[in-house]
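The values are calculated or read from the model by the stated rules, or taken from the named source; none is laboratory data. All of these numbers come straight from a predicted model, not from anything done at the bench. Counting neighbours? That spans all protein chains shown, and the Cβs are built from the backbone with ideal geometry, glycine included.
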């Protein structure tokens, strides 16, 4: 379907622009959780390739706590027994996710401290509290840069943990995340270098944002998770220590009864802190980084604009179901694009492109449907009016054609007197002219509509033109006993244009006034100058029209209901021709009408510019 570059097209562009802005605002302010939902879905349904865990969890689980006097408070003695077994198996690193900031049994603490100092690849945990760092006791701290921060802050939107902060500051002290420290120690303990965009450890580049956040690549269900074994099981069977050889060991509490809380992770899975740190380590060690796209906001807006433009083009140029199929592809593109980026380990916003795609496609489809339906109704109505007009025209043409055929047959078959032949010849001539006028009317309509009719430029005296039209219409008025009154007017009023067409316009208004007025009424004709224009008014006391009909009377083949009921013959195209003639001359038509009180049609035309001599004479 083709739309004109007009008010309809401007409305279409305006609608799509409004839909785009509304979608961006809705996505930004009201659909924050949509990005998280899409991210979690892609994370759980895009398992990493070549996955082989490089870490293992030594779990302080329920059996361990049941076998420990005092529960979690007595776990230090168990650690003092188990860690030498772990160290003997030569792990790549050991990360302890247990707070050791308070003093307990001095003998046990001294023994555990000695174990810690004998393990060069040990990382202890620290935590940032309101009053500063909660570091391990001095006797536990083996020295050097081997403290790892264990903070895991859930997202504020939905309390789901998706990222960890690799670096935190409190006062003048800096702490790296436990998982990052474990990775550094496992790679030989080199320095950690940082820039605004990344962190580097032993040649490994870890992308982070300005807040030093790193997205954790949690292992989807169904894949091999980070293995674990029980601390108590290791003590009961020391041969299990062989499991840790060459791996990074995370030691922490997994028992539900000993945890203050468990953090929610994508997919609704609750995990202990030590499990989150192990997955964070695997993210670094296996280079499974998921980072935001550079200049993400700008790309999101540009992509969303492209989606809106594509939706507009689909419903602008594609016909029927192809337009809806194109709209479906636009929505599919908005949904697939974030997944394509995710496969490249980049995060691309889902909420704004999806909102833009759905809203612009819906708006374009609604506009397309409404415009198509409106045009279909207009075409149906025009077709119906055209059929009615053609029925009338063919009926009207039968009369002159029958007269011509009958008269010509009389001349050819019978011997007629010269007088009779002359009468028949005049009849044929008049009926053929009548038929020619009907054809000319239809041709004029089409020529004016297509802009193919060239207007003559001549001076037209208004008074002379109006009087000529009155003479032509007077016989019709006399048959209905209608008085046609010409009000006094100036002789010097003139317009410039095609005299023949202007006479037709004036004559059409006069004939309509007479045709649709009751007998013994009055038609008044007046003309005057006003603001550089000449106004020619035809006022009758006829059937009149309501405002709805006034808006439609200049449509081709349109006739009011009362006009059809009046019994007067008509095609409904005369006023359409009049309007086009007047507009071609740079004028307009004013219509004032009221049912039962008559109508007043006024032609408003630019007045002809008077010659200098004539202008002087008029001033005198």
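Overview of values
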{"quantity": "Wholly within segment 535-613, helices (runs of 4 or more DSSP H) carrying at least 2 residues that are at pLDDT 75 or above", "calculated": "547-550, 574-584"}
{"quantity": "Check on residue 357, under 18 Å from residue 35 (Cα atoms), in the same structural domain as residue 28 (by TED's automatic domain parsing) and surrounded by 15 or more Cβ atoms within 10 Å (Cβ to Cβ)", "calculated": "yes"}
{"quantity": "Residue that is out of contact with any strand residue (DSSP E or B) (no Cβ under 6 Å at 6 or more places or on another chain), over 16 Å from residue 186 (Cβ atoms) and surrounded by fewer than 16 Cβ atoms within 10 Å (Cβ to Cβ), where the choices are 132, 113, 143", "calculated": "143"}
{"quantity": "Odd one out for residue 277, checked against (1) assigned by TED's automatic domain parsing to the domain that holds residue 55; (2) farther than 26 Å from residue 33 by Cα; (3) surrounded by 17 or more Cβ atoms within 10 Å (Cβ to Cβ); (4) touching a helix residue (DSSP H, G or I) at 6+ places or on another chain (Cβ under 7 Å)", "calculated": "(2)"}
{"quantity": "Test: residue in segment 182-191 that is in a strand (DSSP E or B) and over 30 Å from residue 28 (Cβ atoms)", "calculated": "no"}
{"quantity": "Any pair with Cβ under 9 angstrom, 6 or more apart, that starts in segment 575-594 at a residue that is in the same structural domain as residue 606 (by TED's automatic domain parsing) and without any contact (Cβ under 8 Å) to a residue 24 or more places away in the chain and ends at one that is surrounded by 18 or more Cβ atoms within 10 Å (Cβ to Cβ) and part of a helix (DSSP H, G or I)", "calculated": "583/448; 588/579; 588/582"}
{"quantity": "Boolean, residue 249 is outside the structural domain of residue 36 (by TED's automatic domain parsing) and modelled with pLDDT of 90 or more", "calculated": "yes"}
{"quantity": "Test: residue in segment 28-38 that is crowded, with 21+ Cβ neighbours inside 10 Å and not in a loop (DSSP other than H, G, I, E, B)", "calculated": "no"}
{"quantity": "Residues satisfying the stated conditions in segment 209-253, i.e. touching a residue at least 60 places away in the same chain (Cβ under 8 Å), in a loop (DSSP other than H, G, I, E, B) and either surrounded by 15 or more Cβ atoms within 10 Å (Cβ to Cβ) or touching a strand residue (DSSP E or B) at 6+ places or on another chain (Cβ under 7 Å) (or both)", "calculated": "209, 216, 217, 218, 219, 220, 225, 226, 227, 247"}
{"quantity": "Residue list for segment 39-72, restricted to those being crowded, with 20+ Cβ neighbours inside 10 Å, in a helix (DSSP H, G or I) and touching a strand residue (DSSP E or B) at 6+ places or on another chain (Cβ under 8 Å)", "calculated": "39, 64"}
{"quantity": "Criterion violated by residue 19 - all others in (1) assigned to a helix (DSSP H, G or I); (2) closer than 30 Å to residue 119 by Cβ; (3) in contact (Cβ under 8 Å) with a residue 40 or more places away in the chain satisfied", "calculated": "(2)"}
{"quantity": "Residue match in segment 454-476 (condition: modelled with pLDDT under 80, exposed (fewer than 15 other Cβ atoms within 10 Å of the Cβ) and part of a helix (DSSP H, G or I))", "calculated": "no"}
{"quantity": "Residue within segment 302-315 that is outside the structural domain of residue 250 (by TED's automatic domain parsing), touching a residue at least 24 places away in the same chain (Cβ under 8 Å), within 30 Å of residue 216 (Cα to Cα) and assigned to a loop (DSSP other than H, G, I, E, B) present", "calculated": "no"}
{"quantity": "So residue 31, is it within 20 Å of the chain's Cα centre (by Cα) and more than 27 Å from residue 350 (Cβ to Cβ)", "calculated": "no"}
{"quantity": "Pair list, Cβ under 6 Å, 6 or more apart: segment 58-83 residue under 20 Å from residue 102 (Cα atoms), other residue part of a loop (DSSP other than H, G, I, E, B)", "calculated": "65/255; 74/68; 75/68; 78/68"}
{"quantity": "Odd one out for residue 536, checked against (1) over 30 Å from residue 379 (Cα atoms); (2) in contact with a helix residue (DSSP H, G or I) (Cβ under 8 Å, 6 or more places away or on another chain); (3) surrounded by fewer than 18 Cβ atoms within 10 Å (Cβ to Cβ)", "calculated": "(3)"}
{"quantity": "Per-region count, segment 165-181, residues in a strand (DSSP E or B) and either in contact (Cβ under 8 Å) with a residue 12 or more places away in the chain or in contact with a helix residue (DSSP H, G or I) (Cβ under 8 Å, 6 or more places away or on another chain) (or both)", "calculated": "8"}
